[in-house]
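Notes follow once the structure below has been shown.
Where a number appears in this text, it was derived from the coordinates with a stated rule and is not lab data. No experiment lies behind these values; they were computed from the predicted model shown. Cβ placement follows ideal geometry from the backbone for every residue including glycine, while neighbour counts extend to all protein chains displayed.
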Amino acid sequence: MTEMVRKPFSFNRVLIYTVLLTAAAVYLVPLVVMLLTSFKTLGDISSGNLMALPTHWTMHAWHKAWSTACTGVSCEGVHHFFWNSFKMAIPAVLISTGIGAFNGYVFSKWRFRGSDLIFSMMLFGCFIPFQVILLPMAATLGKMGLANTTAGLVVVHVTYGVAFTTLFFRNYYVGVPDALVKAARLDGAGFFTIFFRIMLPMSVPIFMVCIIWQFTQIWNDFLFGVVFASGDSQPITVGLNNLVNTGTGVKEYNVNMAAALIAALPTLVVYVLAGKYFIRGLTAGSVKG
Amino acid sequence: MSRLELRAIRKTYGKAERETLKGIDIDINSGEFLILVGPSGCGKSTLMNAIAGLEDISQGAIVIDGTDVTTLEPRDRDIAMVFQSYALYPTMTVRENIAFGLRIRRQPKEEIDQEVQRVAKLLQIEPLLDRKPSQLSGGQQQRVAMGRALARRPKIYLFDEPLSNLDAKLRVEMRTEIKRLHRRLRTTIVYVTHDQIEAMTLADRIAVMKDGELQQLGTPKEVYETPANLFVASFIGSPAMNFIPVTVQKGDRGLHAMVKSDSGETIDLPLPLALSAYENKEIILGVRPEHITQIQAHKEGQPLVARGRLTIEVTEPTGPDVIALVNINGIPVHCRIDPDHPVDPGDVAELMFDMSKTSYFDPATEQRITL
Ligand SMILES: Nc1ncnc2c1ncn2[C@@H]1O[C@H](COP(=O)(O)OP(=O)(O)OP(=O)(O)O)[C@@H](O)[C@H]1O
Ligand SMILES: [Mg+2]
């Protein structure tokens with residue numbers, strides 16, 4: 001029996017692993033190159049090959065990218081932009097996820113005349129390209145007095161993200177048996193009590209999905225950042241762009257790479273910490289009740 | 001202990017073109033155990049949800065203890081419901097599940113603890129109080145669902161197929177337990193089931209529904225022995241009642257009907273004189289399988305008893321009886337035979353017809369002919 005179960009060597013296995021490992025390597029090479037380059041000196045870069053280890057490991061490029069590199073006129077590195085991104089992303093993620101949870105709850109458990117139509121129209125929001133809303137949004141932000149502010153960016157990202165978060169939560173809550181809501185109503189719970197005491201506690205997986213999705217979208221956004229923010233409210237993506245495009249003469253690849261890694265770090269961390277929920281939340285639609 | 005009156009309840013769902021409830025009128029006495037049966041989709045759950053206040057009704061009134069509650073919210077009706085799917089709150093422990101309704105109603109903590117203890121003891125779920133629903137077996141979840149309903153001591157309990165997800169043995173156990181609970185608490189209960197035995201054993205009265213209409217309301221005995229129409233007759237009882245269309249004829253010894261066995265032999269079935277209005281007309285005999293049996297000496301010579309020779313086609317031993325299939329007038333007919341009188345497929349057996357318990361139906365109206 002055991003021989004049949006354990007096949008120590010099979011052609012298929014080897015093939016599968018070879019393909020997977022190759023694919024992983026292909027995807028990892030750019031990251032490795034970036035990491036290696038960010039720890040090299042400029043001299044090392046111009047003389048050596050891309051994949052070679054640094055002859056002399058140094059944090060100099062990271063320091064410079066963080067606090068002294070020039071991004072346009074000022075030369076203070078990207079750290080302001082980095083914190084700006086947090087100031088924008090955290091409230092935007094939380095608000096859009098919260099609104100999405102509430103919308104999803106209403107669209108799945110408290111349907112009313114026309115609620116399906118409204119839901120379809122919200123879904124439409126998922127398919128509207130960024131470019132289309134630039135001008136109207138700029139005008140709206142101007143009227144609200146939020147042009148060129150972090151709060152303005154938060155408004156933009158919340159507006160845009162609610163379509164997605166509503167879709168996520170609504171589909172998740174459709175899988176929750178209606179009998180739960182009925183039982184709670186008979187127990188005397190009202191609309192909000194059911195939302196906060198019954199629905200939200202069972203929403204951890206879909207919260208994780210929404211948070212990862214929204215955080216990645218918002219953190220990586222460049223277009224809204226470059227259009228709706230200026231100066232001290234610009235996010236890290238804009239900062240990175242400025243850093244790479246400023247600078248005269250010799251290209252400081254090591255500094256560029258370090259700055260790019262700084263810009264990518266938070267989304268990586270979020271994935272590592274919450275990634276398993278992402279998979280789980282996407283696959284496990286319903287709740288065992 | 002509360003009286004529940006359903007007055008001419010009508011319900012049409014928002015987008016549906018057909019009416020789901022077409023005027024349901026039932027008075028449920030205080031402390032009564034009412035069982036609701038009917039085919040799938042006939043509106044049982046809809047009626048339960050309407051009573052609970054989870055669905056609005058289109059017309060009619062729901063009255064509890066003389067108070068019209070038709071427009072009240074579920075929480076203000078003081079009704080508890082046990083769902084087929086149990087609907088336990090998955091993120092709460094058993095204790096929290098049971099206490100939830102009491103907490104919402106802001107009862108003092110000591111009272112809640114006491115109540116949880118009382119209910120847990122009653123249902124023997126004390127060791128489970130700190131578990132989550134996902135860590136319980138189906139039977140245990142079912143108990144917790146009942147516990148949640150019992151905790152508030154509401155005026156009325158609604159059970160919507162509470163046992164249908166349990167295996168056969170557990171179902172019998174819980175059935176007994178529910179009956180015992182009802183004996184003790186004497187609370188008004190409305191209970192939906194698909195299970196014949198559950199209906200017959202638990203009910204004070206049974207309400208049979210079809211297509212949103214009440215077909216018959218009566219004690220289990222009434223519904224079983226004097227079904228109001230062909231539908232009730234065929235729905236209640238397993239194996240189902242046999243229906244044999246015959247023509248009422250007048251003979252020298254009173255009314256009778258002639259039927260033919262599969263071999264062409266004529267069997268003469270005596271009919272009560274009360275059917276004289278149907279002389280030379282067609283009626284449908286409704287004969288329960290237990291009234292076609294082996295020859296029983298003590299019934300010999302009684303007025304509404306007949307004999308006939310029939311070929312046994314199939315036998316199904318159930319343990320206490322053997323259900324045998326024969327053919328009368330070309331219609332398959334089930335009989336119930338004592339296993340001590342062995343019959344085998346292919347045998348020609350002499351069977352006894354006890355017509356004193358037969359129901360008679362008008363083929364045109366499908367209604368019972370009351371004698
Ligand atoms: N929310 C709804 N909207 C529209 N029609 C509905 C809705 N709920 C139920 N119905 C319809 O009403 C009818 C009665 O449904 P109901 O659930 O009351 O049947 P039931 O007697 O409980 O059946 P079962 O024995 O299968 O549980 C069905 O035809 C069903 O399709
Ligand atoms: Mg139902």
Using the Cα centre as the reference, give the magnitude of the dipole from point charges on the C-beta atoms of chain B (Lys, Arg: +1; Asp, Glu: -1; all else neutral), rounded to the nearest 20 debye. 1580
Over segment B:242-361, what number does the Rg to Rh ratio reach, with both radii from the alpha-carbon atoms and Rh per Kirkwood? 0.96
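Would you kindly calculate the mean projected area, averaged across all directions, of the convex hull enclosing the Cα atoms of chain A, in square nanometres?
Directional mean of the projected Cα hull area for chain A stands at 23.1 nm².
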If I stretch the segment between A:Leu265 and A:Ala151 completely, what's the gain in nm (0.36 nm per residue apart, minus their alpha carbon distance), one decimal? 38.7 nm
Just in segment A:79-140: which trypsin sites (Lys or Arg not before Pro) are loop by DSSP and have at most 16 other Cβ atoms within 10 Å? A:Arg111, A:Arg113
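Go ahead and run the numbers for FRET between B:Gln296 and B:Glu265, Cβ-Cβ distance against an R0 of 25 Å, rounding to 0.05.
Efficiency for this residue pair is about 0.75.
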Which part of segment B:133-153 falls in the paramagnetic zone of B:Glu110, meaning amide N under 15 Å from the point 7 Å along Cα-to-beta-carbon? none
What are the extents of the Cα atoms of segment A:60-215 along their three principal axes, in Å, largest first? 64, 35, 25
Pick out, in residue order, every one of the GluC sites (Glu not before Pro) in segment B:200-287 that is DSSP loop and has at most 13 other C-beta atoms within 10 Å; say none if there are none. B:Glu265, B:Glu279
Partner chain coverage, peptide B:144-155 - average Cβ within 10 angstrom: 1
Average beta carbon contacts from partner chains per residue of B:89-100, 10 Å cutoff: 4
P(r) of segment B:55-142 in 10 Å steps, Cα pairs, percent per bin? 14, 38, 28, 17, 2
Compute the separation of the alpha-carbon centres of segment A:121-158 and segment B:249-314 and state it in Å as a whole number. 85
Explain nothing, just the number: relative contact order of chain A, from Cα pairs under 8 Å at least 6 residues apart, as a whole percent. 29
Kirkwood hydrodynamic radius over Cα pairs of segment A:11-58, then Stokes diffusion coefficient at 4 °C and 1.567 mPa s, in µm²/s: 106
Residue among A:Phe169, A:Thr159, A:Val209 farthest towards the positive dipole end of segment A:139-240, charges placed on Cβ: A:Phe169
Mean shadow area (nm²) of the C-alpha convex hull around segment A:47-89 is 4.7
In chain B, with Lys and Arg counted as +1 and Asp and Glu as -1 at Cβ, which of these residues, B:Leu275, B:Gly251, B:Ile35, has the Cα nearest the positive end of the dipole, that is, farthest along it? B:Ile35
Cα lying deepest toward the dipole's positive end in chain A, options A:Gly188, A:Asn256, A:Gly225, charges on Cβ: A:Gly188
Nothing charged except the Cβ atoms of Lys and Arg (+1) and of Asp and Glu (-1): what's the magnitude of the dipole of the protein assembly as shown about its Cα centre? Round to the nearest 20 debye. 2360
How fast does chain B diffuse by Stokes-Einstein, in µm²/s, taking the Kirkwood radius from C-alpha pairs at 10 °C and 1.306 mPa s? 68
Which whole number gives the average, over all residues in A:191-201, of C-beta atoms from other chains lying within 10 Å of the residue C-beta? 2
With labels modelled as points extended 7 Å from the Cα through the Cβ direction, what inter-label distance (nm, one decimal) is found for B:Gln117 paired with B:Asp130? 1.6
Kirkwood Rh, segment B:121-208, all Cα pairs: how many Å? 13.8
Step through the residues of segment B:284-291 one at a time and calculate ³J(HN,Hα) from phi using the Karplus curve (6.51 cos²θ - 1.76 cosθ + 1.60, θ = phi - 60°), rounding each to whole Hz and writing x for Gly and Pro. 10, 7, x, 10, 6, x, 6, 9
Summing +1 per Lys or Arg and -1 per Asp or Glu among the other residues with Cβ less than 14 Å from B:Glu213's Cβ gives +2
So, in nm, how far is label A:Arg113 from label A:Arg13 when the simple model puts each one 7 Å beyond its Cα toward the Cβ? 6.6
For A:Ser38, A:Ser230, A:Ser108, A:Ser10, order by how many other beta-carbon atoms lie within 10 Å, fewest first: A:Ser10, A:Ser230, A:Ser108, A:Ser38
Shape of segment A:134-289, Cα gyration tensor, a/c cut at 1.5: oblate
Note down the nm distance, to one decimal, between modelled labels 7 Å out along Cα→Cβ at B:Glu366 and at A:Met121. 4.7
Which number comes out as Rg/Rh for the protein assembly as shown once both Rg and the Kirkwood Rh are worked out on C-alpha atoms? 1.18
Sequence of B:His341, A:His157 once ranked by neighbouring C-beta atoms within 10 Å, starting from the fewest: B:His341, A:His157
Give me the lysines in straight-line cross-link reach of B:Lys15: C-alpha distance below 24 Å, same-chain residues under 8 apart excluded. A:Lys109, A:Lys182, B:Lys44, B:Lys210
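Roughly how many debye, to the nearest 20, is the charge dipole of segment B:1-90 about its Cα centre, given +1 on each Lys and Arg Cβ, -1 on each Asp and Glu Cβ, and no other charges?
340
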Give the lysines reachable from B:Lys132 as a straight Cα distance under 19 Å; neighbours fewer than 8 places away on the same chain don't count. A:Lys288, B:Lys121
Give the aspartates and glutamates reachable from A:Lys64 as a straight Cα distance under 18 Å; neighbours fewer than 8 places away on the same chain don't count. A:Asp44, A:Glu76, A:Glu252
Assuming R0 = 60 Å, what is the FRET efficiency of B:Leu185 and A:Val272, from their Cβ-Cβ distance, to the nearest 0.05? 0.60
Whole angstrom only: what separates the Cα centroid of segment B:193-212 from the Cα centroid of segment B:120-188? 19
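Hand me the tally of lysine pairs in segment B:242-361: alpha carbons under 20 angstrom apart, and the pair either on different chains or 8 or more positions apart.
The number of close lysine pairs in segment B:242-361 is 4.
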Can you give me the C-alpha center-to-center distance between segment A:28-101 and segment B:51-75, rounded to a whole angstrom? 65
Starting from the Cα gyration tensor of segment B:163-293, multiply each eigenvalue by 5, take the square root, and state the resulting semi-axes largest first in whole Å. 38, 17, 13
